[in-house]
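Structure first, then comments.
The values are calculated or read from the model by the stated rules, or taken from the named source; none is laboratory data. Just so you know, these numbers come straight off a predicted model, no measurement behind them. Because the Cβ atoms are built from the backbone with ideal geometry, glycine has one as well, and the counts that use them run over all protein chains shown. Accessible surface is based on the protein model in full, side chains and every heavy atom, while ligands, DNA and RNA are left aside. Shrake-Rupley method; radii C 1.70, N 1.55, O 1.52, S 1.80 Å.
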Amino acid sequence: MDRVPAAGGEVQARDFRSAPGGGFAFLRAAKRAGAEVVHCCPHGCGPHGDAVRAALAQEGIPTALGPDPRGDTGHCAVMIAPDGERTMISWPGVESRVTADGLDGARAGDVVVLSGYALREAAALPAFLAALPDGAVLIFDPTPIVASLPPAAIDAVLARADWVSGNRAEIDMLPVRAGGTVLRDGAAGAWLTERGAAPVHVPAPRVTARDTTGAGDVHVATFAAGLAAGWTPRACVEAANAAAAAHVAGAP
């Protein structure tokens, strides 16, 4: 669209499509980066859940859980401006309920990514954290809704997380953390802070952005895939920057 509409206004879009995003986009990017992936979060029993399962099956990505009878998978409307920047309006579904059930079979060396979207209803968070095996790497992606998440849930996740990956606004909203941090800084690349070290800037390839939707998912996914492959954190961030840059430029 030419611009995001003002309150009470209307703007007609030049194009529209409907597609799975969020966790699916993350898993697809991680698999394409060479990782063996499993979808471990709830997925609904309605048409949106059906679409997610069909997309996962097409990519050859297994699910650890069956359809959740409590409701459907959530969805969001994404408005994309001419500069590629996106604005979202989301409606949460069953994926907003963190659960330990999907971690059955997890083992040391696995990389688990926990999204802030899964903490909207965090009653099962203690069980989820307890189910993480010793030696598993936990990456926390706070997401744009971090300001609305329960502070106690964030504190509990940060106490266990090995890495936090978010954009500047999201990272700034978090309390002090002891683990590593990847601060995603858009076209500037990312800032990597390993435990006990000073931040290091890792530049990104220069591209013309067409659509920034899902860039964070691709970045976190590629970083996670690199960690799972035993790469250094710096190499993981370099690969994540390149993948996210190709994504926003519209590369297949």
Ignoring ligands, DNA and RNA, what percent of the 1.4 Å accessible area of the chain is carbon and sulfur? 56
Taking every DSSP beta bridge with both residues inside the chain, roughly what % is antiparallel (nearest 5)? 45
Kirkwood hydrodynamic radius, computed over distinct alpha-carbon pairs, for the range 148-212: how many Å, to one decimal? 13.0
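Quote the charge dipole size of the chain about the Cα centre in Debye, to the nearest 20; the model charges only the Cβ of Lys and Arg (+1) and of Asp and Glu (-1). If you can, show how the numbers build up before the last one.
Working: 20 positive and 26 negative charges, 66 e Å.
Dipole of the chain, to the nearest 20 debye: 320 debye.
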Per DSSP, the loop-located trypsin sites (Lys or Arg not before Pro) within the range 60-102 having at most 15 other beta carbons within 10 Å are Arg70
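Considering only protein heavy atoms, what per residue accessible area in square angstrom results for the range 3-73 with a 1.4 angstrom probe?
I get 62 Å² per residue for the range 3-73.
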Take every Cα-Cα distance within the chain, group them into 5 Å bins from 0 onward, and report for each bin the whole-number percent of pairs it holds. 1, 6, 13, 18, 20, 19, 13, 7, 3, 1, 0
Counting other C-beta atoms within 10 Å, and keeping those with at most 16, which DSSP coil trypsin sites (Lys or Arg not before Pro) do you find in the range 163-210? Arg195, Arg206, Arg210
Rounded to the nearest 10 Å², the 1.4 Å probe accessible area of Ile139 is 0
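How large is the helix-only mean residue ellipticity at 222 nm for the chain, computed as the sum of -39500 (n - 2.57) over DSSP H runs with n ≥ 4, divided by its residue count, in deg cm²/dmol to the nearest 500?
-9000 deg cm²/dmol
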Stokes-Einstein, Kirkwood over Cα pairs, the range 167-252, 20 °C, 1.002 mPa s; D in µm²/s equals 164
Would you be so kind as to identify which of Ala169, Pro47, Trp231 lies farthest towards the positive end of the dipole of the chain, taking Lys and Arg as +1 and Asp and Glu as -1 on Cβ and the Cα centre as origin? Trp231
Separation of alpha-carbon centers, the range 220-252 and the range 109-173, rounded to whole Å: 20
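Looking at the range 1-62, I'd like the Rg to Rh ratio, where Rg is from alpha-carbon atoms and Rh is Kirkwood's inverse mean 1/r.
In the range 1-62, Rg relative to Rh is 1.14.
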Just to check I understand the Karplus step: with θ = phi - 60° and J = 6.51 cos²θ - 1.76 cosθ + 1.60, what whole-Hz values come out for the range 31-36, glycine and proline as x? 5, 5, 7, x, 8, 8
Translational diffusion coefficient, Stokes-Einstein: compute it for the range 80-171 using the Kirkwood radius over C-alpha pairs as Rh, at 25 °C and 0.890 mPa s, and state it as an integer in µm² s⁻¹. 174
Step through the residues of the range 240-248 one at a time and calculate ³J(HN,Hα) from phi using the Karplus curve (6.51 cos²θ - 1.76 cosθ + 1.60, θ = phi - 60°), rounding each to whole Hz and writing x for Gly and Pro. 5, 4, 5, 5, 5, 5, 5, 5, 5
Three principal axis extents, largest first, for the C-alpha atoms of the range 15-138, in Å? 46, 33, 26
Neighbour-limited loop hits for GluC sites (Glu not before Pro), the range 1-92 (at most 16 other Cβ within 10 Å; DSSP other than H, G, I, E, B): Glu10, Glu36, Glu85
Pairwise label distance in nanometres, Met88 with Ala197, each label 7 Å out on the Cα-Cβ vector: 3.0
To the nearest Å², the heavy-atom accessible area per residue of the range 140-233 with 1.4 Å probe amounts to 47
